[in-house]
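For reference, the structure is listed below as structure tokens.
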Amino acid sequence: MAEISQFSIVTYERRPGLWRAAMTPVRRSGAFILGRTTFSVVTPDDFTSESDAKFAAEKIIRKL
């Protein structure tokens, strides 16, 4: 189970009224060189509000 504090969550509006969230780990392991590797996950569904998209992202992080 991953900690929400270990991820940065960015919400964005794909189209008017349709929101998604992208989650990116804040801390990198020693095997990665900062600026060279990006790992991001986007919520698979559109949501009607920014807060719903953020909540869905938090649920995904908890499942990791």
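The values are calculated or read from the model by the stated rules, or taken from the named source; none is laboratory data. Note that the coordinates shown come from a computational prediction; the quantities given were computed from them, not determined experimentally. Cβ coordinates were reconstructed from backbone atoms using ideal geometry, including for glycine residues, and neighbour counts include every protein chain displayed. Quick note on the areas: whole protein, heavy atoms, side chains included, nothing else; ligands and nucleic acids left out. Shrake-Rupley method; radii C 1.70, N 1.55, O 1.52, S 1.80 Å.
Below is a table of values for the structure above.
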quantity	calculated
Heavy atoms of residue 54 accessible to a 1.4 Å probe, total area in Å² rounded to 10	90 Å²
Accessible area in the full protein assembly, largest first, 1.4 Å probe, for 1, 23	1, 23
Spacing of the two label points (7 Å from each Cα toward its C-beta) at residue 8 and residue 59, in nm	2.6 nm
